[in-house]
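Here the structure is laid out as structure tokens; the discussion comes afterwards.
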Amino acid sequence: MSRENFHRLLERYLEGHCTPEEEQLVHHWYHMLDEYHGDGISEANVATIEDAIWNKISQQINDTETSSEVRYLTRHRGWWWVAASVALFLIVAGTWVYLRVVCYPIQPSFASSKQSEATIVKVRNNEESTMKVILPDESLVELYPGAQLEYPRRFKTTDREVRLIGDAFFAVAANKDNPFWVFHEGMITKVVGTKFKIKAPKGNEKGEVIVYSGKVDVYYNVGRNHLVKRMLSAPDKASLTTNQRAVLQQTTLEETITENPLPVSEQLDAILHETFRDISMPELAKTLSDLYALDVVADIGLDGITFTGDISGIGLFKQLDIICTVTNTRYEVIGKAIFLRRK
């Protein structure tokens, strides 16, 4: 109702021309006033009462509109927070799935894509001796008897992937921008360029990765039937360097030293062909560390003990046996390190 229509209504009220409903409405408005304005509406006070009633009506209209706006904003602000929360959840969930599932695949991409059989090479060694296979990137694979290898005829520019069943030796061509992946029983091995051996027997037997040079990362492969486990946590991982190995123990990777570590330096290897004379245990430990690229540590209590003898032409652990027998000490392998200690 406009102010003009309201004024005309009051004029009809004074003239007695209102309908019963309009008269009742005017009385209702009059009784809404907080202040006392006499015994009713008359020509003498109509102007004052008109202003008072109109101000009261305007105030109620404004309060109602403000309340409606607040309810509208509150309601829509609530929906905005819900939408923002859902969007944030989807972003976090998507990132989480990417980091857990995409970054840690369980099979090579050529196995899950719709590549034709003609683009996949399958090699099986049915001979009694090793079989050499040259991959598209000129990496060398030596398949042991009974082993099987699958790989695409052309590697992708982002990943080089192969799948192995059985045992094989790898000499991988270095390419830091295009890592090399080997998918094998229960494990996944990722390398850039190195020499290593994989024992991947089919079934429940222990798998193993042995590094001869370079560095590799070995992951436990949880498999396609454990999607929830893949999303909840990153897979068990072992980072290996020269003369180290990872052995699959059910669902975990045990990191240790290879059974027969090989010298990494011909120059240092020549030193072992000379007889050691009164070499201190810490100095001998450092020589062995440099020769085999392993952590060989002599305890502080061995500073005053020296070794004299010939340990040439034998493996590391036999060398340690001789050293410990002569010096009345012992050695202990803990993880990927060797500690020389008093008995």
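Applying the criterion of being in a strand (DSSP E or B) and among the charged types (D, E, K, R) to the residues of segment 141-153, the residue that is farthest from residue 208 (Cα to Cα) is 150. Counting the residues of segment 181-195 that are modelled with pLDDT of 85 or more and within 25 Å of residue 127 (Cβ to Cβ) gives 5. Of all residues in segment 326-336, one or more are within 29 Å of residue 239 (Cβ to Cβ), open to solvent by less than 60 Å² (accessible area, probe 1.4 Å), among the small types (Gly, Ala, Ser) and within 44 Å of the chain's Cα centre (by Cα). I'd like to check something: does segment 195-202 contain any residue that is surrounded by fewer than 17 Cβ atoms within 10 Å (Cβ to Cβ) and at positive phi? The answer is no; no qualifying residue exists. If you filter segment 297-325 down to residues that are among the hydroxyl-bearing types (Ser, Thr, Tyr) and under 15 Å from residue 277 (Cβ atoms), you find that the one that is surrounded by the most Cβ atoms within 10 Å (Cβ to Cβ) is 306. Note on segment 182-194: residues that are open to solvent by less than 30 Å² (accessible area, probe 1.4 Å) and in a strand (DSSP E or B) total 7.
Exactly one residue out of 294, 302 is touching a helix residue (DSSP H, G or I) at 6+ places or on another chain (Cβ under 8 Å) and closer than 27 Å to residue 247 by Cβ: that is 294. For segment 171-179, the criterion of being assigned to a strand (DSSP E or B), open to solvent by 20 Å² or more (accessible area, probe 1.4 Å) and under 24 Å from residue 131 (Cβ atoms) is met by at least one residue. For the residues 122, 132, 156, 114, the requirement of being modelled with pLDDT under 95, surrounded by fewer than 17 Cβ atoms within 10 Å (Cβ to Cβ) and assigned to a strand (DSSP E or B) singles out 122.
Evaluate the following for residue 164: is it of a type in the set (A, V, I, L, M, F, W, C), in a strand (DSSP E or B) and closer than 20 Å to residue 237 by Cα? Yes, satisfied. Does any residue of segment 197-206 turn out to be assigned to a strand (DSSP E or B) and over 20 Å from residue 124 (Cα atoms)? Checked segment 197-206: no residue is assigned to a strand (DSSP E or B) and over 20 Å from residue 124 (Cα atoms). Of the helices (runs of 4 or more DSSP H) entirely within segment 253-340, none holds at least 3 residues that are touching a His at 6+ places or on another chain (Cβ under 8 Å) and within 23 Å of residue 208 (Cα to Cα).
The values are calculated or read from the model by the stated rules, or taken from the named source; none is laboratory data. A quick note: this is a predicted structure, and the numbers were derived from the prediction, not measured. Because the Cβ atoms are built from the backbone with ideal geometry, glycine has one as well, and the counts that use them run over all protein chains shown. Note: accessible area is taken over every heavy atom of the protein model, side chains too, but ligands, DNA and RNA are not part of it. Shrake-Rupley method; radii C 1.70, N 1.55, O 1.52, S 1.80 Å.
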